[in-house]
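One structure is given below, encoded as structure tokens.
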Amino acid sequence: MQIRYFDHAASSWPKPPAVIEAMMQCIEEYGANPGRGSHKLAVRASRTLFEARYNLSRLFNILNPNDISFALNTSMALNQAIKGFLKPGDHVISTSIEHNSVRRPLEYLKNKIGIEITYIKTDEQGLINLKEVQAAMNSQTKLIVCTHGSNLLGSILPVAELAEIAHQRGARILVDAAQTAGTLDIDIQATGIDMLAFPGHKGLLGPQGTGGLYIHPELELEPLIHGGTGSKSEETDMPNVRPDRYEGGTPNTVGIAGLNEGVKFVLNETVRKIHNKEWELTQQLITELLSIPNIRILGPGLNEQRTGIVAFELPHIDASEMSFILDQSFNIAVRAGYHCTPLAHETARTLEGGAVRASVGYLTTVEDIEYLAGAVKEINQHYQR
Ligand SMILES: Cc1ncc(COP(=O)(O)O)c(C=O)c1O
């Protein structure tokens, strides 16, 4: 039975065939260590890393590809940015829809070194009032850190405006692009984003174990990892040169070879086309689901801006049970529970029972949406009896 995959917000699947081929080719033909040798295979591995960095810089309009360092996932990139940037006594502004990958490192620093955090409460749809952000800025505010797209509500935060607010007071902005990289236009130069943490395994269509962090050239972070870089080996400190400073240890060359092809796929299709297609699919899904009495769809309403996430709640059906039945009886993969964001569930008033989250991808079809909506309706009818 065919699987209908609606968990792209966790990891996109399936991947374009070129991603798989590039990974196979890397492991079969040049699985050597990049940057640690000058032999032909090491040079070829280094070239793959260079090419991936170059293509990512085209995607995000970043001037120097070396300002991008690879990480294993968004969480690692966010940890590098947050722990590498903030100092004791700093004040940070964040939001009430953050993923634990932002909230936990912030809370860790609050307990360990005494930073102060203000979480700006968004409305129930996950939209932020910029005046409240402006009012929360003070002389100690060094950073605004926020998600670009909520992984529960599908709402989109105005990162260019937030960057402007930060810069007016000499602060910086870190954007968590876990839900938007590859599916929503991100232009580093036009928006003024200072640090961008992104996954390789979601909208960029690469494999798990890939991600990265863009760091503005003026910013100097404490490295998260200290280790071998293959450069300046005589020094005890991490080298100052980028990206080596933030890339201690052997990288995931095989994964990055795949990521490179995922990014090329996105560049070829264009982010706009991908976003538009995903938006149309979410509109179709919301329209279908709204015919179910008493259903509550979280996040922005019909025809409003959103990412490819549609989370919903039915008052008389437990979210975990719904997702279990969808999986077992209909072969549909969705995600229930708290989606690593209790903050957003509190904002949406779903902290008690959680919600069912369906997220679409570029290869999701209109038939997939009809099938999912039909299954939810059938389960609902069964419970009404
Ligand atoms: C908004 C947001 N931030 C961070 C993460 C963490 O991403 P990763 O699994 O790549 O560490 C996720 C994962 O779903 C997310 O949705």
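The values are calculated or read from the model by the stated rules, or taken from the named source; none is laboratory data. All values reported here derive from a predicted model rather than from experimental measurement. Every residue, glycine among them, receives a Cβ derived from its backbone with ideal geometry; neighbour counts consider all protein chains shown. Ligands, DNA and RNA are excluded from the accessible area calculation, which covers all protein heavy atoms including side chains. Shrake-Rupley method; radii C 1.70, N 1.55, O 1.52, S 1.80 Å.
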**Q.** Residue check for SER57: away from the ligand (no atom under 16 Å from the Cβ), closer than 30 Å to PRO34 by Cα and within 20 Å of the chain's Cα centre (by Cα)
**A.** yes
Q: Select, from SER75, SER11, SER69, the only residue that is in contact (Cβ under 8 Å) with a residue 12 or more places away in the chain, within 16 Å of the ligand (Cβ to nearest atom) and surrounded by fewer than 19 Cβ atoms within 10 Å (Cβ to Cβ).
A: SER11
Q.
For the range 160-193, which positions are over 21 Å from GLY89 (Cβ atoms), of a type outside the set (Gly, Ala, Ser) and under 14 Å from the mean Cα position of the chain (by Cα)?
A. VAL175, ASP176, GLN179, THR180, THR183, LEU184, ASP185, ILE186
Q.
As an exercise: evaluate ASN252 against (1) open to solvent by 10 Å² or more (accessible area, probe 1.4 Å); (2) farther than 21 Å from PRO207 by Cα and give the number of the one condition it does not meet.
A. (2)
Q.
Quick test of your reading of the structure: LEU157 fulfils all but one of (1) within 16 Å of the ligand (Cβ to nearest atom); (2) touching a helix residue (DSSP H, G or I) at 6+ places or on another chain (Cβ under 6 Å). Name the failing condition by number.
A. (2)
Q | Residue check for GLU269: more than 16 Å from the ligand (Cβ to nearest atom), under 22 Å from GLU367 (Cα atoms), within 24 Å of the chain's Cα centre (by Cα) and modelled with pLDDT of 95 or more | A | yes
Q: Return only the number of the condition from (1) within 11 Å of the ligand (Cβ to nearest atom); (2) open to solvent by 10 Å² or more (accessible area, probe 1.4 Å); (3) more than 24 Å from GLY249 (Cβ to Cβ) that LEU152 does not satisfy.
A: (2)
Q: For SER139, indicate whether it is closer than 29 Å to GLU278 by Cβ and hydroxyl-bearing (Ser, Thr, Tyr).
A: no
Q: Just one of (1) away from the ligand (no atom under 16 Å from the Cβ); (2) open to solvent by less than 10 Å² (accessible area, probe 1.4 Å); (3) in a loop (DSSP other than H, G, I, E, B) trips up LEU204, so point out which.
A: (1)
**Q.** Pair list, Cβ under 6 Å, 6 or more apart: the range 336-347 residue within 9 Å of the ligand (Cβ to nearest atom), other residue open to solvent by 30 Å² or more (accessible area, probe 1.4 Å)
**A.** CYS340/HIS99; THR341/HIS99
Q) How many residues does the range 224-281 contain that are among the hydrophobic types (A, V, I, L, M, F, W, C) and more than 30 Å from SER359 (Cβ to Cβ)? A) 3
Q | Pairs, first open to solvent by 60 Å² or more (accessible area, probe 1.4 Å) and of a type outside the set (Ser, Thr, Tyr) in the range 92-113, second modelled with pLDDT of 95 or more and within 13 Å of the ligand (Cβ to nearest atom), C-beta under 9 Å, six or more apart | A | ARG103/SER94; ARG104/SER75; ARG104/ASN79
**Q.** Members of the range 305-332 that are part of a loop (DSSP other than H, G, I, E, B) and free of Cβ contacts under 8 Å to residues at least 40 places away in the same chain
**A.** PRO315, ASP318
Q | Extreme residue, nearest to the ligand (Cβ to nearest atom), among residues of the range 161-183 that are open to solvent by 10 Å² or more (accessible area, probe 1.4 Å) and within 18 Å of ILE97 (Cα to Cα) | A | ALA178
Q) What do you reckon, is LEU205 among the aliphatic types (A, V, I, L, M) and free of Cβ contacts under 8 Å to residues at least 40 places away in the same chain? A) no
Q: Kindly indicate the residue of the range 333-364 that is among the charged types (D, E, K, R) and either closer than 24 Å to HIS275 by Cβ or in the same structural domain as LEU184 (by TED's automatic domain parsing) (or both) and also surrounded by the most Cβ atoms within 10 Å (Cβ to Cβ) among those meeting that condition.
A: ARG357
Q. Just to be sure, is GLU367 over 20 Å from the mean Cα position of the chain (by Cα), open to solvent by 70 Å² or more (accessible area, probe 1.4 Å) and touching a residue at least 24 places away in the same chain (Cβ under 8 Å)?
A. no
Q. Would a scan of the range 188-197 turn up a residue that is part of a loop (DSSP other than H, G, I, E, B), buried (at least 24 other Cβ atoms within 10 Å of the Cβ) and within 11 Å of the ligand (Cβ to nearest atom)?
A. no
